[in-house]
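Structure, as structure tokens:
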Amino acid sequence: SLSDKLQGTFKVLKNKGVLTEKDVDEAMRQVKLALLEADVNFKVVKEFVADVKEKCLGEEVMKSLTPAQQVIKIVNGELTDLMGGEGAKLEYDPAGFTVIMMAGLQGTGKTTTCGKLANFLKESGKKPMLCACDVYRPAAIDQLEVVGKAVNTPVYTDRKSKDPVKIAKAAKKEAELKGFNVLIVDTAGRLQIDEELMAELENIKDKVKPYQILLVVDALTGQDAVNAAKGFNERLAIDGIIMTKMDGDARGGAALSARKVTGKPILFMGTGEKYDALEAFHPDRMASRILGMGDMLSLIESAEKNYDEAKAEKQLERLKKNQFTLEDFLEQMGQVQEMGGLGKVLDMMPGMNKAQMKDVDVEKGEKEFDQMKSIIYSMTKAERQDPNILNASRRKRIAAGCGQPVSKVNNLIRKYEDAKKMMKQFSNPKAMKRNRMLRG
Ligand code: GDP
Ligand code: MG
């Protein structure tokens, strides 16, 4: 994978005190191969590598005491810029009522993402309504209704009409009348970009005037996703991109190129089929994820020094037997605190974990940990040992017990699951070997 490749390159670079131009060349060759292999568009790669190389050969870098680190920093920084630098946010119509139109090929995740967005909007204090404008398949309307129910958001439908413009307009009217402030318009897709679809979307755009046109792009489709992004943007002038299925083994290349070829920001990424699996897109975190160099090695090193080895070993054992419980998680978090706090550890982790713990920051780390503790303490022994039984009513009870919102409980469970996943990565033979090498 891309990160494996780059990780190898960077490991070699890291061990070098002095760099030659040849080293930089070799590193750039690897970066290029890795990016190409990750489905990053060829032109994008060429430009990128040329830029990065020029910067790397700059005097400050070659003469610095840690040239290799500088190179890594430059690659990371340039990747971040390539994906949008600062990161962008969904924008709302200042007039008070925002229409969001979804667009994208069939199966990319438009309808699912409508639900995720509604969920996100509600959490941000908005009042969203959904609108079913995929008029070609009755099942599509049913699907959006299921989605709406799941996220507790009303869905406007008109099963008799085949006119998406008429439906969207009526939905807008009704939503405004009923005091909603965001309308999310789900649209039809096609397997490929075709004239009919584009004309339809253009028509909705002209008549309904969405404030944001969000293109849903499936990260798993690699280069096709990039071409789709280009095509949709040329015709519709989209406002932002939502990259779905980033939870699979998406190679990340699509994210890189989609931004570059459209010039439009990636606002969110979908990381699962559930309605809370939507994350703000952070270019810097994605860069680390693509590079796979979120400093896992120093994390392991630090862990080696500070982790209670016996405990860690025990956790690993349990994990293997699939018995890594919430109590283990709590213990692990406690150890993390001892290692210098969550903030520090998060900094060292690959982007994936950082992204998933997006609401944790350095200052909040301590407080967050106490909150987690209080949530876990509000659980029964059985729940701590088998989090699978944590259904909605149990979560509600726990939330009431510790005086925190259910969302916090859900968050904790998600983090526990992430930790479990990460532990699994640690427990694979390759990681173990690395571990032992560091130890010995
Ligand atoms: P649409 O045709 O664009 O409306 O796509 P759908 O919303 O019907 O989604 C197609 C499939 O992709 C469904 O099975 C979804 O559950 C799945 N899907 C959507 N987003 C994600 C995601 O972020 N991760 C994963 N793993 N699956 C997703
Ligand atoms: Mg759909």
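Descriptive notes on the structure:
- Footprinting exposure proxy for Glu200, Glu273, Glu59 (fewest neighbouring C-beta atoms within 10 Å first): Glu59, Glu273, Glu200
- Other-chain or far-sequence residues with amide H under 5 Å of Thr98's (modelled H): Asp93, Val182, Leu183
- Fully extending the segment from Asp418 to Arg394 would add 6.6 nm, taking 0.36 nm per residue of separation and subtracting the current Cα-Cα distance.
- Sorted by Cβ density within 10 Å, fewest first, the residues Lys169, Lys46: Lys46, Lys169
- Peptides 228-241, 77-90, 137-150, ordered by how many other C-beta atoms sit within 10 Å of their residues on average, highest first, read 228-241, 77-90, 137-150.
- Computing FRET efficiency as 1/(1 + (r/R0)^6) for Arg29 and Glu91, where r is the C-beta to C-beta distance and R0 is 51 Å, gives about 0.80.
- Computed over neighbours whose Cβ is under 11 Å from that of Gly240, the net charge equals +1, Lys and Arg +1, Asp and Glu -1.
- Peptides ranked, highest mean first, by Cβ atoms within 10 Å: ranges 99-111, 395-407: 99-111, 395-407
- Packing rank of 127-133, 412-418, where each peptide gets the mean count of other beta carbons within 10 Å, highest leading: 127-133, 412-418
- Summed side-chain charge close to Ser161 - residues other than Ser161 whose Cβ falls under 15 Å, Lys, Arg +1, Asp, Glu -1: +3
Values in this text are rule-based calculations from the coordinates and carry no lab data. Small disclaimer: the values here were computed from a predicted structure and weren't measured. Cβ sites come from the backbone with ideal geometry, for glycine too, and all protein chains shown count toward neighbours.
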